[in-house]
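Working notes for the structure below.
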Amino acid sequence: METYKNLFDAILGENLDSNKHHDLFMVEECELPLINLHKLNYGDKFEREECKKKIAKASREWGFFQVVNHGVSPDILEEMRKEQVKLFKKTFREKMNIDKSLNFSEGSYRWGTPMATCLRQISWSEAFHVPLYDVSSSKGLNSLSSTMEQFATTLSELAQQLARLLAEELAHYNKSNYFKETCLPSTCYLRMNRYPACPISPQLFGLVPHTDSDFLTILHQDEIGGLQLFRDGKWISVKPNPEALIINVGDLFQAWSNGVYRSVEHRVVTNKLKERFSTAFFLCPSYDTEILSCVEPCVYRKFTFREFRQQVQEDVKNYGYKVGLPRFLLSSH
């Protein structure tokens, strides 16, 4: 409230009964394509191929899908949630200084939107952004570290499997070991999110509309809901399924697949009464990795992940929002 005092004063002076913000909740609820990975790992040849086709189809048409029988133990998911809740219940001062006690990199705790110039740019949320090498190095320090290690290891394997599969489904392309070589534990990360109940919901987003700047994201969310994605010109709300993991395609995979797989804009809306928790795994390459469309003619010019990140940060600083992939389109397109 101190940091954003001027922005809050502006909206509190408005008519809070106005209907102009109601579109955040007046959206259709949908179930994402649901894929049973048991068939992928234990089915016969036909069932495995059918499962691969479903995953590729969902990545082309939705950019999002959910998976069950994903190999992540319900016990690990439940323990991760408990440890996460316990972590976020610490005081603000404790969270700001928690890096040393947990062996996390400096600045792992983040909240709000540092460069926000209006309420629409504020994310009403807090998060711990933890590189996988921090997870590994802090293993065994406490129950949170041990749980994160199990969670991250399993999700990393799943992300690699799905990325390899999607690469193999691209016509005339067989470099399926690309992700194993470029997306290492030193470059991927976990993000633990908390979205507090928001007294002026729906004027604020829990997470502002954006696309993910990675190859793939794997998300485990609770039953509260709030995730929405933009499809066919409108926002739709994702129905929570606590047993499923949500997978979405990131910007790098869209560029690398030459636009075959879609990185879709999504957001989180706030809830006036309930807090929401989620944990995400991000499959990222090293900063020096070159992203080049593997299908011709290329839609995007070649760029490194470092160049992409720097451009995103520059745009957010200058305009208050991420521009993303359109910056890297070839002029002919």
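The values are calculated or read from the model by the stated rules, or taken from the named source; none is laboratory data. Treat the numbers as computed from the prediction; the structure is a model and nothing was measured. Neighbour counts run over all protein chains shown; Cβ positions are idealised from the backbone, glycine included.
Would you mind telling me which numbered condition in (1) within 17 Å of Asp214 (Cβ to Cβ); (2) assigned to a loop (DSSP other than H, G, I, E, B) Ser278 fails?
Ser278 satisfies every listed condition except (2).
Listed residues Cys183, Cys198; which is farther than 24 Å from Tyr287 by Cβ, in contact with a Leu (Cβ under 8 Å, 6 or more places away or on another chain) and buried (at least 16 other Cβ atoms within 10 Å of the Cβ)?
Details: Cys183 fails: farther than 24 Å from Tyr287 by Cβ.
Residue meeting the stated conditions: Cys198.
Quick one: in the range 169-220, of everything that is under 24 Å from Leu292 (Cβ atoms) and among the charged types (D, E, K, R), which residue is modelled with the lowest pLDDT?
Applying the filter and picking the extreme gives Lys175.
Given Gly250, Gly226, which one is surrounded by 22 or more Cβ atoms within 10 Å (Cβ to Cβ) and at pLDDT below 95? Talk me through it step by step, then tell me what you get.
Details: Gly250 fails: at pLDDT below 95.
Gly226 is the lone residue from the list that is surrounded by 22 or more Cβ atoms within 10 Å (Cβ to Cβ) and at pLDDT below 95.
Name the helices (runs of 4 or more DSSP H) wholly inside the range 49-145 in which the number of residues that are surrounded by 13 or more Cβ atoms within 10 Å (Cβ to Cβ) and free of Cβ contacts under 8 Å to residues at least 60 places away in the same chain is 2 or more.
Numbers: elements: 74-88, 92-96, 99-102, 132-137.
Those helices (runs of 4 or more DSSP H) span 99-102, 132-137.
Taking the range 215-238 as the region of interest, how many residues are more than 15 Å from the chain's Cα centre (by Cα) and more than 19 Å from Leu273 (Cβ to Cβ)?
6
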